[in-house]
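What follows is a single structure, written as structure tokens, with notes after it.
The values are calculated or read from the model by the stated rules, or taken from the named source; none is laboratory data. The model shown is predicted, which means the values in this text are computed figures rather than measured ones. In this analysis, Cβ positions are derived from the backbone assuming ideal geometry, glycine residues included, and neighbour counts consider all displayed protein chains. Heavy atoms of the whole protein, side chains included, go into the accessibility calculation; ligands, DNA and RNA do not. Shrake-Rupley method; radii C 1.70, N 1.55, O 1.52, S 1.80 Å.
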Amino acid sequence: MLTRFFCYAKKEYGKPGRRTWLEFSEETLAQAIRDGAEFISTMTFSHKPQQGKPEPIRNGDLVLDLDYAKDPARAVVDALVFIEGLIVLGIDPAVLRIWLSGKKGLHIVIPAAVYGDMEGDALLPLIHKAFVGILLSRIPGRIGTVDMSIYNMGAGRLLRCENIQRSNGRYKVPVSYEELSSLTYDDLEKLTLEKRCLEKTECVLPTPVPKIVELFQEAHKQVHSWDSLMNPTKAVSELERCSYIKYCRENAETLSEEAWFGMVNVLAPLGKRGRDAIHSLSKPYPNYDYVETEMKIKRAVMGNKPHTCATLKGIWDCGRNCGVKSPTVLWRKKDAEKVTAERFVSDEAGLFYITDPDEPDLGREFICSPLEVKAFVRNPQNSSWGRLVSLTDPEGVQHEIQLSMSDLGANGDPWRASLLDHGLSLPPTKFARTKLQEYLLTAQPGKFARKVDKLGWHGEAYVLPDGVIGGRSDEAIILESAVSDDLFNTAGTLEEWQEQIGRYCVGNSRLILAVSFALTGCLLRLLGMEGGGLHLFGDSSCGKTTALKVAGSVCGGNAGKPFLRQWRATDNALESTAALHNDNLLCLDEISQATPKVVSEVAYMLANGQGKGRANRKGNARARKEWVLAFLSSGEKTLSDKISEDFRFDSLAGQMVRVVDVAANAGDGLGIYENLHDFASGRELSDYLSQQSVKFYGTPLRAFLQQLVAAPDVCRKSVSDRINRFREQYCPVDASGQVQRVCARFGLSAAAGEIASELGILPWPGQTSDKAMSQLFSDWIAWRGGIGNVEEDKALERVREYIEMYGETRFGELHDKFQPYNAVGYRYLDNFEVRYFMKVPAFRKELCKGISIKNLLKLLNEKDCLAHNSKGEIKEFKSVRGTTVRGYTLIAEGLSAL
């Protein structure tokens, strides 16, 4: 029996990592699974494929990958159409093997025995690709979800193993044809939530099906005739990388001149290889002329600007996005990979330079200890490029380091120092230093990573210090710098958090608020909402800090340290803290430790999501720190009372809307509690929750994020709909805009809590969050004193108090010779009613604090507090001892009724 080989890989950056090769047998296959294999080659090989060596004989079943990310249900429909077509062609569906991939679609395997391929072929991937195309052309109906890119030469494509969990929490699981054809897509999707095996039934051995064998032979003949035509160019597999070139090859006899010249334009820059390929692709055309083709090639080379993919799509749209500007880049990139692969090799013994490519095992020089370039790295603006390097230190510990291209292009001291700091062993020779730099500069890892400088959402991925949740499978995201004072950890399991903390929130509205609000931080950016906060105020030792600790346990902690920050800091320090909690929760305890100035500025800063503008050393504007977060605060005083401690500051309605004051005392004489859950006192329950919050933390947020990244659009719509329903049900119709904004804040908390409980993350009965938030919102309206505009109410109150306080001392008699030295106007009687005529400058300075003069005059006029002149105007002109004075006349009777 011939020896055969296969390869497997583990996951790195969401995709298959370095391949491990083994001799194929049932024992080695089981060994690979035990070693943690997550991806296995779809074929076996007579020997490992190598550059410059004969192609190995490949054996394997036909694998079909049906994917459609926007609507995976469509892939299932296509699969059923495809299988029904196979049944018509004579295949028994019982011989097929089917897996739900757990993400975008499913995999179908047709055993090789069905189409009579038991000997294998060096070009089997290309034959399989042609075979699939022929099958699709024979089956009625349009099947558009088959991924044709998986049929690669070289080492081939790896597919995920059965019952391996994806980043979205789902598994690749087997299903039967009966299940696929009878279950709804929602029921099929539920099968991927856990591992499963099909029950063993009577085995149906695959046997050759005459019609299928005939179609496979047709594909075999087609590929080998194409191979004989193109072999002189050594470009078969390379050309197949571009769908446009494939289109030109398949339609060579009838290709339009525009499409033909597009092909010439992208292949001509590749030199002799490209020129030979152009002639081979042009020969099937009836009017092919060698001289004319050479002239077109010369014209394309002189133009020196290969067609871009956008230009080619204007001729024929391939429907793909390969991540390059032009197909020419695909082949040039492959050439660069080939050069690097031929000259450098990295294995467990180290990084070596190949001095003799024909004898790679003998002619190689040691450069350094094990090191490999894993990915290209750049920032979200596609600048600051670098390399992500993995190395192994003397103790066998792996490190990943980012090296900037600007450093790599210099003399090498900074990046070498960084590598040596992490344990790289590098000989002190010029050869080792030079070749290491050459390898780092020329390596083509084939993977890309995006470096980011803050936590939270980056596209479809959510970045945490210990990893990334969600995101694109073809791009890793790396946090640029380590997070100091790391509180974003996890401890225990979600079930333990539910049992030790979550269940004690039921019946306690303040704890329900704290936990529900903790989950809103990661929703704000998805919904396009601004940040904001809640401030729990109440007497000392009523449980405010405990509520913050319980909220913090949803998001994280650190070895006995709660997810809690302190108000006692400068606004600059809190700015850095806010950036650290981007798209998350920030808990600030004890507002009494901060100054009124800091509280006043920070309340706006945290909600607005932007730090101070600063200049760099050159005087140019430095990038501001930005964030979107939900923050939870505590203190004995309300926010407005704290700010008012300093007479220079006055709380504004904008602050009260951005940071909502919530009474910590629930009103039952138990502090924040209404239900003690069999504890003897509120203090005992607070002590217990405080202890548990530093033992079990971080898991609820991560479970919630897993659901968000799995279906962000669905979650976004669900949350928006719930907020709207909350507002419609609980917000008074004639409420001011400020009240409506606060209602939306409570509605967001209710939505987050309800969704988390429906997902099994929060151990609460349905409507728990909704009922608690509606009651708290109602209590807030009552405490606030109504549903009107606070700024307007405060402005009217200020005018009334001003007249009560200064009506006799700063308003002199209109015709009195002697006036107060600090007079702001005059007092007089009109039909035995007291009037206060106030000068315009004094009116603006003394009464228009926090409101415009136009709005204040409008309010006073609506409340019948302003007198009008004979023309019906509110501004009057008084003649006082020969001088005309402009002002407004306030009516005492109207003011007293405010």
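Assuming R0 = 45 Å, what is the FRET efficiency of Glu804 and Lys612, from their Cβ-Cβ distance, to the nearest 0.05? Don't jump to the answer; show the numbers that get you there.
Numbers: r = 40 Å, r/R0 = 0.90.
Here the calculated transfer efficiency is 0.65.
Give the residue list of chymotrypsin sites (Phe, Trp or Tyr not before Pro) in the stretch 760-855 that are DSSP loop and have at most 11 other beta-carbon atoms within 10 angstrom.
Details: sites: Phe777, Trp780, Trp783, Tyr802, Tyr806, Phe811, Phe818, Tyr821, Tyr826, Tyr828, Phe832, Tyr836, Phe837, Phe843; in loops: Phe818, Tyr821, Phe832.
Of the chymotrypsin sites (Phe, Trp or Tyr not before Pro), the ones in loops of the stretch 760-855 whose Cβ has at most 11 other Cβ atoms within 10 Å are Phe818, Tyr821, Phe832.
At 0.36 nm per residue, minus the direct Cα-Cα distance, what do Trp385 and Cys197 gain on full extension? Give it in nm, one decimal, please. Could you put the intermediate results ahead of the total?
Working: separation 188, 0.36 × 188 = 67.68 nm, distance 4.54 nm.
In short, 63.1 nm is gained.
5 Å is the cut-off here: which amide hydrogens, built 1.01 Å from N in the peptide plane, fall below it relative to Thr42, excluding neighbours closer than 5 in sequence?
Arg157, Leu159
Measuring with a 1.4 Å probe in the full set of protein chains, what accessible area per residue, in whole Å², belongs to the chain?
Details: 43250 Å² over 898 residues.
About 48 Å² of surface per residue is accessible.
If you take the beta carbon distance between Arg378 and Ala623 as r and set R0 to 22 Å, what does 1/(1 + (r/R0)^6) give as a FRET efficiency, to the nearest 0.05?
Numbers: r = 17 Å, r/R0 = 0.77.
It comes to 0.85.
State whether the stretch 501-711 is rounded, prolate or oblate according to the following rule on the C-alpha gyration tensor (a ≥ b ≥ c being the square roots of its eigenvalues): a/c under 1.5 gives rounded; otherwise a/b larger than b/c gives prolate, and the remaining case gives oblate. Write down the numbers at each step before the final one.
Numbers: a/c = 2.02, a/b = 1.33, b/c = 1.52.
Oblate shape, in that a/c is at least 1.5 and b/c is the bigger or equal ratio.
Taking Cα pairs under 8 Å and at least six residues apart, what relative contact order does the chain come out at, in percent? Mind showing how you got there, number by number?
On the way: 1526 pairs, mean separation 63.1, N = 898.
Relative contact order for the chain comes out at 7 percent.
At q = 0.10, 0.21 Å⁻¹, what is the log10 ratio I(q)/I(0) for the stretch 790-897, with the Debye formula run over Cα points and no solvent?
For the stretch 790-897, the Cα-only Debye profile gives -0.25, -1.20.
Would you mind working out the magnitude of the charge dipole of the chain relative to its Cα centre, with +1 at each Lys and Arg C-beta and -1 at each Asp and Glu C-beta, to the nearest 20 Debye? Show your work: numbers first, answer last.
Numbers: 113 positive and 115 negative charges, 665 e Å.
That gives the chain a dipole magnitude of about 3200 debye.
Just to check I understand the Karplus step: with θ = phi - 60° and J = 6.51 cos²θ - 1.76 cosθ + 1.60, what whole-Hz values come out for the stretch 65-74, glycine and proline as x?
Ordered by residue, 3J(HN,Hα) equals 10, 9, 10, 7, 4, 5, 8, x, 4, 5 Hz.
Using 31 Å as the Cα-Cα cut-off, could you pick out the over-long pairs in Lys195/Lys454; Lys612/Lys849; Lys283/Lys447; Lys612/Lys642? Can you show the working numbers first?
Values: Lys195/Lys454 35 Å; Lys612/Lys849 25 Å; Lys283/Lys447 37 Å; Lys612/Lys642 23 Å.
Lys195/Lys454; Lys283/Lys447, as the Cα separations exceed 31 Å there.
If one takes the longest principal axis of the Cα atoms in the chain, at what angle in degrees, from 0 to 90 and to the nearest 10, does the Cα axis of helix 544-555 lie?
Around 20 degrees separate the two axes.
Which whole-Hz ³J(HN,Hα) couplings does the stretch 387-397 yield from phi under the Karplus relation 6.51 cos²θ - 1.76 cosθ + 1.60, θ = phi - 60°, glycine and proline marked x?
Here the 3J(HN,Hα) series is 10, 9, 10, 10, 9, 10, 7, x, 8, x, 7 Hz.
What distance in nm separates the two pseudo spin-label positions at Thr311 and Lys221, each 7 Å out from Cα along the beta-carbon direction?
4.0 nm
Modelled label-to-label distance, Leu676 and Asp187, 7 Å Cα→beta-carbon offset: nm?
Here the modelled spin labels are 5.1 nm apart.
List the residues whose amide H sits under 5 Å from the amide H of Leu536, counting only those 5 or more places along or on another chain, with H placed 1.01 Å from N in the peptide plane.
Distant-sequence amide H within range of Leu536: Ser633, Ser634, Gly635, Val662.
Amide H of Leu586 versus every other amide H placed in the peptide plane: which residues, excluding those fewer than 5 positions away on the same chain, fall under 5 Å?
Distant-sequence amide H within range of Leu586: Ala630, Phe631, Leu632.
Work out the FRET efficiency for Asp539 and Ser644 from their Cβ-Cβ distance, taking R0 = 30 Å, and round it to the nearest 0.05. Walk me through the numbers before you get to the answer.
Numbers: r = 19 Å, r/R0 = 0.63.
Efficiency, from the Cβ-Cβ distance: 0.95.
Please turn the phi angles of the stretch 425-441 into ³J(HN,Hα) values with the Karplus equation 6.51 cos²θ - 1.76 cosθ + 1.60 (θ = phi - 60°), one per residue in order, whole Hz, x for glycine and proline.
9, 10, x, x, 10, 5, 4, 5, 5, 5, 5, 4, 5, 4, 5, 5, 7
Using a 7 Å offset from the Cα along the Cα-to-Cβ direction at both Arg683 and Lys246, what is the distance between the two label points in nm, to one decimal?
7.5 nm
Label the chain by shape, choosing from rounded, prolate and oblate, from the square roots a ≥ b ≥ c of the eigenvalues of the Cα gyration tensor; if a/c is under 1.5 it is rounded, and otherwise prolate applies when a/b is larger than b/c, oblate when it is not. All intermediate terms of the calculation are to be shown ahead of the outcome.
Values: a/c = 2.29, a/b = 2.06, b/c = 1.11.
Prolate, because a/c is 1.5 or more and a/b exceeds b/c.
Which of the peptides 179-187, 90-98 is most tightly packed, and how do the rest follow, going by the mean number of other Cβ atoms within 10 Å of each residue?
On the way: 179-187: 12.9, 90-98: 17.4.
Descending mean neighbour count gives 90-98, 179-187.
By a straight-distance test (C-alpha under 19 Å), which aspartates and glutamates pair with Lys597 as possible cross-link partners, with residues fewer than eight away in the same chain excluded?
Asp571, Glu575, Asp589, Glu636, Asp641, Glu645, Asp646, Asp650, Asp661
Stretched out fully, how many nm does the piece from Glu813 to Glu179 gain, at 0.36 nm a residue minus the Cα gap?
Details: separation 634, 0.36 × 634 = 228.24 nm, distance 9.48 nm.
Contour length minus Cα-Cα distance gives 218.8 nm.
What are the extents of the Cα atoms of the stretch 121-178 along their three principal axes, listed from largest to smallest and rounded to whole Å?
Principal-axis extents of the Cα atoms in the stretch 121-178, largest first: 35, 33, 19 Å.
If I fit a long axis through the Cα atoms of helix 124-138 and take the longest principal axis of the Cα atoms of the chain, what angle between them do I get, 0 to 90°, rounded to 10?
Roughly 70 degrees between the two axes.
Share of the chain's accessible area from carbon and sulfur, percent, 1.4 Å?
Values: 21430 of 43250 Å².
Roughly 50 percent of what the probe reaches on the chain is carbon or sulfur.
Quick one: dipole size for the stretch 105-222, taken about the Cα centre, charges +1 on Lys/Arg Cβ and -1 on Asp/Glu Cβ, in debye to the nearest 20. Numbers along the way, then the final one.
Numbers: 14 positive and 15 negative charges, 78 e Å.
Dipole about the Cα centre, nearest 20: 380 debye.
With both partners inside the chain, how many of the DSSP beta bridges are antiparallel, as a percent to the nearest 5? Can you show the working numbers first?
Details: 83 of 112 bridges.
In the chain, DSSP labels about 75 percent of beta bridges as antiparallel.
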